[in-house]
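Below is one structure, written out as structure tokens; the observations come after it.
The values are calculated or read from the model by the stated rules, or taken from the named source; none is laboratory data. These numbers come from a predicted model, not from an experiment. Glycine also receives a Cβ, built like all others from the backbone with ideal geometry; neighbour counts cover every protein chain displayed.
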Amino acid sequence: MTRLQVDGRTVELPAGATLLDAARAAGAELPTLCHDDRLRSAGSCRTCLVQADGRTVAACVTPATPGMTVDASGEEVRNLRRDAVALIASALPPHALADDAPSELAEMCRTLSIEPDIAGTPLTPLRGRDDTHPYVHLDRDLCIACGRCVRMCSDVQGTFALTLTGRGADTVVAPGTGGAWADSDCVACGGCVDTCPTGAITQPGPGQGFTSRQPDPDRVRTTCGYCGVGCALDVVVRDDRVAAVLPAPDGPVNRGHACVKGRFSYGYLTSAERLTEPLVRRNGALTPVSWDEAIGVVADGLRAAVEQGGPDAVAAISSARATNEENYLVQKFLRTVIGTNNVDNCSRLCHAPSAAGLTASFGRAGGTDPFDDVETADCFLVVGANPVEAHPVVGARLLQRALGGAALIVADPRAVGLARHADLHLRPRPGTNVALFHGLAHVLIAEGLTDPDFLRDRATGLDELTTLLTDYPPTRVAEITGVPAEDVTAAARLYGRAERPAVIYGLGVTEHLHGTDGVRTLANLPILRGAVGGTGHGFGISPLRGQNNVQGASDMGALPDLLPGYRRVTDPEARARAEAVWGRPVPPTPGLRIPEMFTAARESRLRALWVIGEDVCATDPDSRRVAEALDACPLVVVNELFLSETARHADVVLPVASWLEKDGTFVNFDRRFQRVRAAVRPPGMARTDFDVIQAVAAAMGSDLGCRTPADALSECGRAAPVFAGLSHARLDREGAVPWPCSSPDRAGEATLYAEEFATPDGRAHLSAAPYLPPGEEPDADYPLLLVTGRRWAHYNSGSMTRRGGNLLLDARGLLDLHPEDAARYGVRDGAPVTVDSRHGQARLIARVGPDLAPGQVFCAFHFPDEGVNSLTSEHADAVTSCPEYKVTAVRLRPTVPED
């Protein structure tokens with residue numbers, strides 16, 4: 001600790017503190033126009049001057065040293081600071097300091113009694129505005145060249161889209177490309193808006209002037225409802241409308257940062273297309289009805305389905321977009337009111353192999369370590385993930401660590417995102433992950449880069465794996481994967497020699513015919529290295545979750561074979577515990593998975609399907625066959641925000657609340673429970689999914705209990721011991737708590753397996769699964785391999801992000817392809833292209849570039865009308881039924897305009 005005197009007071013500070021920290025500790029508030037606590041200090045504005053041992057210094061860049069005497073409040077130094085602020089303000093136009101100006105500088109001037117009329121004689125001529133971007137507007141005349149926006153873009157976001165241009169008084173912020181802001185590399189994270197002290201960079205519309213640093217009594221703290229990172233957000237509400245969404249400065253994962261979706265993509269809330277009243281199909285058309293009538297139709301239809309086909313004639317697809325409490329209620333309704341285990345959620349389509357693979361390897365269906373531990377990791381192996389686009393806040397933090405010196409290995413077919421900054425970029429052919437992971441393991445063992453003590457004391461399966469790996473030397477792995485043998489060896493050495501290596505992966509590992517094998521063989525690496533289980537030798541392994549609550553939906557038991565807390569329905573003890581809490585019997589036989597539900601519907605075995613918050617016609621594979629299943633099912637009920645393609649096939653459509661309109665909790669990708677709070681009311685007659693489920697149960701003569709979401713989480717804790725220590729009240733106090741959390745007086749286990757693994761024998765299990773080829777291979781008819789994924793501006797099927805300014809940032813679906821393939825098939829950059837597979841057809845716009853290897857193409861699925869998911873096959877992971885989205889054989893041709 002460092003002890004010094006500030007204004008006659010003794011303060012103690014940790015090593016590395018500055019005089020700004022010291023002044024604040026002593027109660028002195030200093031102006032700081034070039035400083036933001038999230039950024040490295042610059043010391044350029046000279047507004048935080050103090051006197052230290054008789055010298056006048058900038059407090060933000062001067063280290064606090066033991067025994068120093070600091071004057072932060074004397075008249076002389078206060079006048080110096082006031083003069084510095086006044087000089088900066090005098091160079092701005094009058095509106096910069098107007099009485100209603102909301103900027104940090106204007107408030108600073110009011111505090112220092114600097115009159116607004118000091119402005120008005122700018123040192124430079126009027127420099128104009130840039131209003132080309134939908135979310136970020138620039139008034140150059142208000143720029144003081146403090147550089148905060150530039151440092152936010154580089155140091156926090158890692159995009160490097162901004163720069164300072166000009167000299168002297170003409171210096172002003174500008175996009176690094178030199179053109180309009182809308183045409184720059186900006187990814188609209190909002191960091192520049194949030195940090196700008198003068199209002200030079202603002203969010204247009206009602207959100208103008210709000211920043212995360214300003215207190216506001218009307219702000220509502222909630223958790224983002226887009227991807228699974230779990231960013232804490234503060235929602236500014238005016239007249240029951242969202243005026244702005246700001247990253248919470250103390251957010252446990254995002255730390256005052258956000259992405260374009262969480263920060264700006266809330267326009268869908270007030271879209272004219274929002275569903276505001278229930279719809280029931282009458283004479284072939286969806287017709288508005290009252291809630292009582294709609295609930296009655298649903299209840300009668302469910303009863304009829306059970307009477308005609310038994311309880312297993314009913315199924316529900318729960319929602320990764322819904323809260324934990326809603327998912328808990330859905331599975332309880334199916335099991336106790338209907339009497340079936342036919343409940344599943346969209347983790348089936350993405351991370352079911354993670355749950356199965358991590359459980360088999362370690363014993364629990366979640367990542368092994370908290371994401372905060374990336375700050376101490378010295379080597380990252382990022383596999384099958386593009387977090388810069390799909391999980392931007394995670395991507396930014398990983399990039400910060402890489403730029404700070406941590407080694408970075410990226411394994412992905414595309415040269416995008418973090419791959420551009422990697423020490424090694426491994427580009428395996430799609431579908432060859434298992435061979436690549438075996439090649440890395442081969443080198444670890446062959447070169448003695450393992451932890452023998454850990455393997456002896458805490459793991460099993462080494463002999464079987466070692467025998468298998470004799471068939472996977474780097475030379476053979478190179479033949480299978482296309483990754484040069486020397487790169488396989490170099491990557492293994494980087495990972496194996498690191499003191500604290502980390503493995504982070506995404507859907508490029510799971511969405512394969514052998515996705516569970518991919519997860520297990522990837523998990524072999526931290527086991528071999530002894531980098532898991534609280535050893536202090538590594539971060540372990542963590543899957544990046546795609547949707548906001550895909551982890552929580554599974555945690556809550558919205559799965560056909562698992563109860564809350566991942567206890568098997570076939571386990572009599574697990575059923576007995578649930579039955580004791582619920583007061584109703586639990587069926588002992590596993591239910592249908594999502595693909596099996598569709599098959600059962602087409603075969604007339606499934607008579608009622610309730611789809612909650614999922615556009616299965618847009619996001620599930622072979623979407624034509626999905627639509628056939630919905631049309632064949634006598635009763636299809638859909639809870640939705642908009643009339644999605646799935647809703648168009650429904651018999652009943654129920655308007656429901658979005659994440660900004662409901663109360664409950666989400667679980668993020670590293671197992672943290674966080675609160676979700678309603679900021680505004682849902683439109684019209686829309687209700688929360690929680691209320692809808694309760695109403696249907698009541699109409700069927702059943703009482704689910706759980707009057708409130710808080711009650712539901714508490715009840716879940718009684719049914720599942722791993723959640724027993726969680727409650728809304730605790731989360732309101734502590735902010736975020738990871739599971740397992742077995743008692744209210746115990747901390748959650750952020751790092752798993754510190755004592756033993758949760759497998760039956762208490763050991764980590766190495767997997768000796770052999771490499772098997774993917775479900776589809778290119779041939780003469782379909783010579784290209786298609787990989788699908790996400791783009792930075794949109795989310796999932798785009799139902800929310802396409803109803804707002806994001807559509808101006810990314811207006812259409814693109815097909816990325818290599819110049820060689822473009823030339824081979826006569827496709828021009830920017831031209832329409834038709835893509836055919838053995839299953840369907842899609843029409844996209846070609847984007848020619850070097851990001852993909854020849855023979856491979858990539859597109860996203862954010863624009864359902866383009867038909868991307870009609871291309872994908874029904875091949876699925878043999879263990880979990882997760883679809884093989886990452887390997888589809890296709891052909892392409894220029895689109896011929898229709899007459």
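Taking segment 564-581 as the region of interest, how many residues are acidic (Asp, Glu) and over 20 Å from GLY705 (Cβ atoms)? Steps first, answer last, please.
At the first step, the residues of segment 564-581 found to be acidic (Asp, Glu) are 571, 573, 579.
Restricting the remaining residues to those that are over 20 Å from GLY705 (Cβ atoms) gives 571, 573.
Residues in segment 564-581 being acidic (Asp, Glu) and over 20 Å from GLY705 (Cβ atoms): 2 in total.
Go through (1) out of contact with any Gly (no Cβ under 7 Å at 6 or more places or on another chain); (2) surrounded by fewer than 24 Cβ atoms within 10 Å (Cβ to Cβ); (3) closer than 28 Å to TRP610 by Cα for THR340 and report which single condition fails.
Condition (1) is where THR340 drops out.
Which members of segment 503-558 meet the condition of being more than 27 Å from LEU465 (Cα to Cα), assigned to a helix (DSSP H, G or I) and not aliphatic (A, V, I, L, M)? Full working, then the answer.
Kept after step one, since they are more than 27 Å from LEU465 (Cα to Cα), are these residues of segment 503-558: 545-558.
Remaining after also requiring assigned to a helix (DSSP H, G or I): 550-555.
Correct list: GLN551, GLY552, SER554, ASP555.
Being part of a loop (DSSP other than H, G, I, E, B), modelled with pLDDT of 95 or more and out of contact with any His (no Cβ under 9 Å at 6 or more places or on another chain) is the filter; apply it to segment 644-669 and report the residue that is farthest from ASP292 (Cα to Cα).
ASN668
Under 8 Å between Cβ atoms, which residue pairs at least 6 apart in sequence (or on different chains) link something in segment 367-381 that is in contact (Cβ under 8 Å) with a residue 24 or more places away in the chain and assigned to a helix (DSSP H, G or I) with a partner that is crowded, with 24+ Cβ neighbours inside 10 Å and among the hydroxyl-bearing types (Ser, Thr, Tyr)?
PHE371/SER542
Among the residues of segment 24-38, count how many are over 36 Å from the mean Cα position of the chain (by Cα) and either on the phi > 0 side of the Ramachandran plot or buried (at least 24 other Cβ atoms within 10 Å of the Cβ) (or both).
Summing the residues that are over 36 Å from the mean Cα position of the chain (by Cα) and either on the phi > 0 side of the Ramachandran plot or buried (at least 24 other Cβ atoms within 10 Å of the Cβ) (or both) in segment 24-38 gives 1.
Residue by residue, here is whether (1) modelled with pLDDT of 95 or more; (2) outside the structural domain of VAL434 (by TED's automatic domain parsing); (3) under 17 Å from ALA618 (Cα atoms) holds:
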{"residue": "HIS818", "(1), (2), (3)": "yes, yes, no"}
{"residue": "GLN841", "(1), (2), (3)": "no, yes, yes"}
{"residue": "GLY855", "(1), (2), (3)": "yes, yes, no"}
{"residue": "VAL868", "(1), (2), (3)": "no, yes, yes"}
{"residue": "SER873", "(1), (2), (3)": "no, yes, yes"}
{"residue": "THR880", "(1), (2), (3)": "no, yes, no"}
{"residue": "TYR885", "(1), (2), (3)": "no, yes, yes"}
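Which fully enclosed strands (runs of 3 or more DSSP E) of segment 706-819 have 1 or more residues being under 28 Å from THR481 (Cα atoms) and touching a helix residue (DSSP H, G or I) at 6+ places or on another chain (Cβ under 8 Å)?
Correct list: 784-789.
So ALA402 ticks every box in (1) in contact (Cβ under 8 Å) with a residue 60 or more places away in the chain; (2) in contact with a strand residue (DSSP E or B) (Cβ under 6 Å, 6 or more places away or on another chain) but one. Which box is left unticked?
(1)
Looking for something among the basic types (Lys, Arg) and closer than 27 Å to SER347 by Cβ - is there at least one such residue anywhere in segment 799-814? Break it down into steps so the answer makes sense when it comes.
Filtering segment 799-814 down to residues among the basic types (Lys, Arg) leaves 802-803, 812.
Now drop any that are not closer than 27 Å to SER347 by Cβ, which leaves 802-803.
Yes, there is a match, as at least one residue in segment 799-814 is among the basic types (Lys, Arg) and closer than 27 Å to SER347 by Cβ.
From THR165, THR177, THR211, which residue is modelled with pLDDT of 90 or more and hydroxyl-bearing (Ser, Thr, Tyr)?
Numbers: THR177 fails: modelled with pLDDT of 90 or more; THR211 fails: modelled with pLDDT of 90 or more.
Going through THR165, THR177, THR211 in turn, just one is modelled with pLDDT of 90 or more and hydroxyl-bearing (Ser, Thr, Tyr): THR165.
I need a count of the residues in segment 249-296 that are of a type outside the set (A, V, I, L, M, F, W, C), part of a loop (DSSP other than H, G, I, E, B), out of contact with any Ser or Thr (no Cβ under 6 Å at 6 or more places or on another chain) and closer than 21 Å to SER658 by Cβ.
Counting residues in segment 249-296 that are of a type outside the set (A, V, I, L, M, F, W, C), part of a loop (DSSP other than H, G, I, E, B), out of contact with any Ser or Thr (no Cβ under 6 Å at 6 or more places or on another chain) and closer than 21 Å to SER658 by Cβ gives 9.
Quick check on segment 32-77: of everything there that is of a type in the set (D, E, K, R) and either in contact with a Gly (Cβ under 6 Å, 6 or more places away or on another chain) or in a loop (DSSP other than H, G, I, E, B) (or both), which residue is farthest from MET152 (Cα to Cα)? If you could, list the steps in order and put the result at the bottom.
First pass over segment 32-77, keeping only residues of a type in the set (D, E, K, R): 36-38, 40, 46, 53, 55, 71, 75-76.
Subsequent filtering for residues that are either in contact with a Gly (Cβ under 6 Å, 6 or more places away or on another chain) or in a loop (DSSP other than H, G, I, E, B) (or both) retains 36-38, 40, 46, 53.
Values: ASP36: 9, ASP37: 11, ARG38: 8, ARG40: 9, ARG46: 20, ASP53: 32 Å.
In this case the residue turns out to be ASP53.
Give just the number: which of (1) crowded, with 23+ Cβ neighbours inside 10 Å; (2) of a type in the set (A, V, I, L, M, F, W, C); (3) out of contact with any strand residue (DSSP E or B) (no Cβ under 9 Å at 6 or more places or on another chain) does ALA632 not satisfy?
Of (1) crowded, with 23+ Cβ neighbours inside 10 Å; (2) of a type in the set (A, V, I, L, M, F, W, C); (3) out of contact with any strand residue (DSSP E or B) (no Cβ under 9 Å at 6 or more places or on another chain), only one is false for ALA632: (1).
Check whether at least one residue in segment 467-477 is assigned to a helix (DSSP H, G or I), touching a residue at least 60 places away in the same chain (Cβ under 8 Å) and of a type outside the set (Val, Ile, Thr), and report yes or no. Before the answer, list the steps.
Our first condition is that a residue be assigned to a helix (DSSP H, G or I); within segment 467-477, this holds for 467-469, 474-477.
In the following step, the residues that additionally are touching a residue at least 60 places away in the same chain (Cβ under 8 Å) were identified as 467-468.
Cutting the leftovers down to of a type outside the set (Val, Ile, Thr) gives us 468.
For segment 467-477, residues assigned to a helix (DSSP H, G or I), touching a residue at least 60 places away in the same chain (Cβ under 8 Å) and of a type outside the set (Val, Ile, Thr): present.
Within the group ARG127, ARG110, which residue is in a helix (DSSP H, G or I) and among the basic types (Lys, Arg)? Let's see the steps before the verdict.
Values: ARG127 fails: in a helix (DSSP H, G or I).
Answer to the check: ARG110.
Out of the residues in segment 284-316 that are of a type in the set (D, E, K, R) and under 19 Å from VAL653 (Cβ atoms), which is surrounded by the fewest Cβ atoms within 10 Å (Cβ to Cβ)?
Going through segment 284-316, the residues of a type in the set (D, E, K, R) turn out to be 292-293, 300, 303, 307, 312.
Retained after the next criterion (residues that are under 19 Å from VAL653 (Cβ atoms)): 292-293, 300.
On the way: ASP292: 11, GLU293: 14, ASP300: 13.
Here the residue is ASP292.
Looking only at segment 452-483, filter to residues that are touching a Ser or Thr at 6+ places or on another chain (Cβ under 8 Å) and surrounded by fewer than 21 Cβ atoms within 10 Å (Cβ to Cβ); which one of those is nearest to GLU776 (Cα to Cα)?
Narrowing segment 452-483 to residues touching a Ser or Thr at 6+ places or on another chain (Cβ under 8 Å): 454, 461, 465, 474, 480-482.
Still in the running and surrounded by fewer than 21 Cβ atoms within 10 Å (Cβ to Cβ): 454, 461, 480, 482.
On the way: PHE454: 39, GLY461: 31, ILE480: 15, GLY482: 17 Å.
Residue satisfying both the conditions and the ranking: ILE480.
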